[in-house]
Every structure is written in C-alpha cells, then in structure tokens.
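S.K.: Here's a structure for you.
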Amino acid sequence: MSELTDLVLEEAKERMDKAIAHTRAEFSGVRSGRAAPALVERLTVEAYGVEVRLLEITSISVPEARQLLIAPHDPANLGAIERAIRNSDLGLSPSSDGRALRLNFPPLTEERRRDLVRLVKSMAEDGRVAIRNIRRESRKELESLEKDSQMSEDELKRAEEQLDKLTQRSEADIDAALHGKEEELLEV
C-alpha cells in the first residue's frame with residue numbers, strides 16, 4: 001500500500017481512539033452507586049476571579065465507598081466549591097466542616113439506575129456515530145486518492161477493508177466500555 005493510504009488509515013485510527021477515549025470519559029462522569037472522584041473532577045469553580053477545574057484547586061479522596069472528601073488547597077475557596085457542587089446536575093448536597101466538604105452518595109433507586117443506563121447507551125451511540133463519521137471522511141479521502149490516480153482500485157479495496165476492520169474494532173471497544181458501565185450501574 002502507498003504511503004498516503006497508510007497516512008489516511010493512521011489518522012483514522014488516531015481519531016477513532018480519541019472518540020473512544022472521549023466516550024469513556026463521558027461514562028466516568030455518570031454517577032453509579034459508589035463514590036468516584038471522576039464525578040466531580042471536571043466541575044468548574046470560580047476561584048481567584050477565574051474559572052478553574054475542581055481538580056486543580058482541591059484534593060479529592062474516597063474515605064468510604066459512598067462518600068467523597070473534597071479538601072481545597074486554600075480554605076478560602078470552600079464556599080465557591082460548595083456552590084459549584086450544589087449548582088451541578090449531580091443532585092448532591094455537600095456538608096462542610098469549615099475545612100473540607102463531604103459528599104454522601106445515597107444508593108440509587110431502580111428507576112434512576114434505568115435512567116442512567118439509558119443515558120450511557122445514548123453516550124455510547126454518540127461515540128459510535130463519531131466513529132462512523134470518521135470512517136466516512138477517511139473513505140472519501142481514500143476515494144479521492146484513487147480518483148487522482150495515486151492508488152489503484154485494488155489498493156482502494158484493501159484500504160477500505162482495513163478501515164472497516166478498524167471501525168468494527170473501535171465500535172467493539174465502545175460496546176465493551178458500555179457493557180462494563182451498565183454492569184456497574186445495575187449492580188446493587
């Protein structure tokens with residue numbers, strides 16, 4: 001295969017890997033029955049007059065399975081952190097001891113678990129759509145190479161087969177991550 005073909009396939013693989021990583025990151029932000037720092041790390045807090053990520057101004061630990069302890073590096077930011085958590089869509093109320101915040105995660109109801117499973121399935125479908133879009137764009141690039149006589153028809157066919165295998169592998173990765181997150185959400 002030509003160098004240009006390899007370049008198109010390599011770029012497609014990199015972009016698909018990024019789509020998979022993005023989907024997994026989205027999954028980590030969905031609350032399951034247990035406490036996980038990933039649920040709050042991406043929240044933004046107004047500190048020192050600018051928006052910063054919670055992770056940058058705090059240390060987050062898990063003292064118990066259903067509790068997060070958020071300790072700001074500067075206690076002056078405690079109020080802003082508490083506001084950010086209350087305004088988030090997590091549905092949690094932090095309790096403050098003046099130096100740190102505790103987030104207690106109540107057990108999820110069966111109905112809420114089902115809602116969250118629907119949400120992660122939607123996120124997974126978004127990831128699969130992104131992968132298919134990457135495949136479509138890469139296929140167009142390959143076809144234009146063939147049209148410009150930079151590759152033969154046979155090379156195009158082989159490259160498209162490789163692209164399809166790459167797409168199937170990437171979709172399987174997303175499905176595996178989805179399956180793991182579903183099990184985690186439905187675990188009682």
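Where a number appears in this text, it was derived from the coordinates with a stated rule and is not lab data. Owing to the predicted nature of the structure, the values given are computational and were not obtained by experimental measurement. Don't worry about glycine lacking a Cβ; one is built from the backbone with ideal geometry, like all the others, and counts go over all protein chains shown.
S.K.: I want to check the label-to-label distance for Tyr48 and His179. Put each point 7 Å from Cα in the C-beta direction and report it in nm to one decimal.
M.R.: The modelled label-to-label distance comes out at 4.6 nm.
S.K.: Efficiency by 1/(1 + (r/R0)^6): what FRET value for Glu110 and Lys140, r their Cβ-Cβ distance, R0 = 45 Å, to the nearest 0.05?
M.R.: 0.50
S.K.: Using +1 at the C-beta of Lys and Arg and -1 at the C-beta of Asp and Glu, which of Ala80, Thr44, Ile57 has the Cα lying farthest in the positive direction of the dipole of the range 1-119?
M.R.: Ala80
S.K.: Next up: What is the total of Lys pairs in the range 70-188 with C-alpha atoms under 16 Å apart, excluding same-chain pairs fewer than 8 positions apart?
M.R.: 4
S.K.: Which whole-number percent is the relative contact order of the range 38-104 (Cα, under 8 Å, 6+ apart)?
M.R.: 28
S.K.: Then there's this: Normalised by the residues of the chain, what does the relative contact order come to in percent, with Cα pairs under 8 Å and at least six apart?
M.R.: 27
S.K.: Charges at C-beta only: +1 for Lys and Arg, -1 for Asp and Glu. How large is the resulting dipole of the chain about its Cα centre, in Debye rounded to 20?
M.R.: Dipole about the Cα centre, nearest 20: 940 debye.
S.K.: Give the Rg (one decimal place) followed by the Dmax (whole number) of the chain, computed from C-alpha coordinates and expressed in Å.
M.R.: Every Cα atom of the chain included, Rg and Dmax give 22.1, 70 Å.
S.K.: Something else about it: If each residue's Cβ is checked for other Cβ atoms within 10 Å, how do Val40, Val120, Val129, Val52 rank with the fewest at the top?
M.R.: In order of increasing Cβ crowding within 10 Å: Val129, Val52, Val120, Val40.
S.K.: Also, quick follow-up: Subtract the Cα-Cα distance of Ser2 and Val62 from 0.36 nm times their separation in residues, and report this length gain in nm to one decimal.
M.R.: Going from the current span to full extension adds 16.4 nm.
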